[in-house]
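The values are calculated or read from the model by the stated rules, or taken from the named source; none is laboratory data. None of these values were measured; they are calculated from a predicted model. When we count neighbours, we look across all protein chains shown, and the Cβ atoms used for this are built from the backbone with ideal geometry, even at glycine.
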Amino acid sequence: MKLNLNRPLAFFDLETTGLQIATDRIIEICVLKVMSDGSTEKYTQRLNPTIPISEESYSIHGISDEDVKDEPTFTDVANELNQFFGNSDLAGYNSNKFDIPLLIEEFLRADIEFEIKNRRFVDVQNIFHKMEPRTLKAAYKFYCNEPLINAHSAEADTIATYEILKSQLDVYENAEYTSKDGKVSKPVINDVQELHNFSYNLKNVDLIGHIVYNNKKVEVFNFGKHKSKSVEEIFQKEPSYYDWMMKANFPLSTKKVITAIKLRGFNKGSLNFG
């Protein structure tokens, strides 16, 4: 369906050094500007972020520091990019939460006032999630094609979950799934180990994902000022960080994990816990 537009709508996506709005930088931007007559204009540019690209982000987009070291900085292209956007409304996928705030941050660093007050924002992910709610009730309706009676009672929800899984095995029999690294598989099969491998985040070290494995299978923080840094190395350099975590409102299961990492380091003789 052709979009009904009274001014251009600029779809855009960013690849970045990381996920922190205040500190991370754009390393690639693509803008597809759709005009009111249906014609399009495209702007694509890689950028030198002037800071290192995190290992976590590299594992997703595959763009290295070496790939962008000779590219212009955001400041170099900021005026040109601002002119390309013009008075367009903005659209993207998860753009309201991430892409737009980070784009504005970059313009501000470049001393350019990118006007947002009169722009309209279309977030395709929000439309998707609102129209296809990720609730047990919605899943039961989708997979089992009937309403869930007594939703939010433990018994009804438990039985519904069992029925949904059986239906998923039918619906996704021989269905292909492509992972972020491009591997194609048929993961939804009648095997509990395979279902575990597919449905559980195998990078999590603790249950909630505060500590995760990086690509080298090293436990790293997944939050805060030490995000993506080795837990063991931080406990070596900053022992008080372990004490803070143990006193803070982290789950007991997370505290159990970091204590095991601490003790392992202590037994190796690599850590000094005063």
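In this structure, is residue 134 basic (Lys, Arg) and exposed (fewer than 14 other Cβ atoms within 10 Å of the Cβ)?
Numbers: basic (Lys, Arg): yes; exposed (fewer than 14 other Cβ atoms within 10 Å of the Cβ): yes.
So residue 134 fits the description; yes.
Of the residues making up the range 195-249, those that are of a type in the set (A, V, I, L, M, F, W, C), without any contact (Cβ under 8 Å) to a residue 24 or more places away in the chain, closer than 20 Å to residue 56 by Cβ and outside any loop (DSSP other than H, G, I, E, B) are 212, 220, 221, 234.
Residues checked against (1) among the aliphatic types (A, V, I, L, M); (2) out of contact with any Leu (no Cβ under 8 Å at 6 or more places or on another chain); (3) surrounded by fewer than 12 Cβ atoms within 10 Å (Cβ to Cβ); (4) at pLDDT 95 or above:
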residue: 126; (1), (2), (3), (4): no, yes, no, no
residue: 129; (1), (2), (3), (4): no, yes, no, no
residue: 148; (1), (2), (3), (4): yes, no, no, no
residue: 151; (1), (2), (3), (4): yes, no, no, no
residue: 177; (1), (2), (3), (4): no, yes, no, no
residue: 180; (1), (2), (3), (4): no, yes, yes, no
residue: 193; (1), (2), (3), (4): no, yes, yes, no
residue: 200; (1), (2), (3), (4): no, yes, yes, no
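Does the range 227-243 contain at least one residue that is modelled with pLDDT of 95 or more and exposed (fewer than 12 other Cβ atoms within 10 Å of the Cβ)? Checking the range 227-243: at least one residue is modelled with pLDDT of 95 or more and exposed (fewer than 12 other Cβ atoms within 10 Å of the Cβ).
Among the candidates 90, 108, 165, 169, the residue that is assigned to a helix (DSSP H, G or I), surrounded by 11 or more Cβ atoms within 10 Å (Cβ to Cβ) and assigned by TED's automatic domain parsing to the domain that holds residue 32 is uniquely 108.
Of all residues in the range 180-225, which are among the hydroxyl-bearing types (Ser, Thr, Tyr) and over 18 Å from the mean Cα position of the chain (by Cα)? Give the derivation first.
Here is the first cut: in the range 180-225, the ones among the hydroxyl-bearing types (Ser, Thr, Tyr) are 185, 199-200, 213.
The answer is 185, and nothing else.
Selection over the range 42-59 of residues that are loosely packed, with under 14 Cβ neighbours inside 10 Å and touching a residue at least 40 places away in the same chain (Cβ under 8 Å) gives a count of 1. Given the condition among the aromatic types (Phe, Trp, Tyr) and under 21 Å from residue 124 (Cβ atoms), answer yes or no: does some residue in the range 47-58 qualify? No: the range 47-58 contains no residue that is among the aromatic types (Phe, Trp, Tyr) and under 21 Å from residue 124 (Cβ atoms). Considering every residue within the range 94-116, establish whether at least one is without any contact (Cβ under 8 Å) to a residue 12 or more places away in the chain, within 20 Å of the chain's Cα centre (by Cα) and farther than 22 Å from residue 17 by Cα. Checked against the condition, which is being without any contact (Cβ under 8 Å) to a residue 12 or more places away in the chain, within 20 Å of the chain's Cα centre (by Cα) and farther than 22 Å from residue 17 by Cα, the range 94-116 yields no hits at all.
Taking the criterion of being part of a loop (DSSP other than H, G, I, E, B) and either surrounded by 13 or more Cβ atoms within 10 Å (Cβ to Cβ) or free of Cβ contacts under 8 Å to residues at least 40 places away in the same chain (or both), the residues of the range 250-273 that qualify are 250, 269, 270, 271, 272, 273. Among the candidates 139, 156, the residue that is part of a helix (DSSP H, G or I), more than 30 Å from residue 95 (Cα to Cα) and not assigned by TED's automatic domain parsing to the domain that holds residue 23 is uniquely 156.
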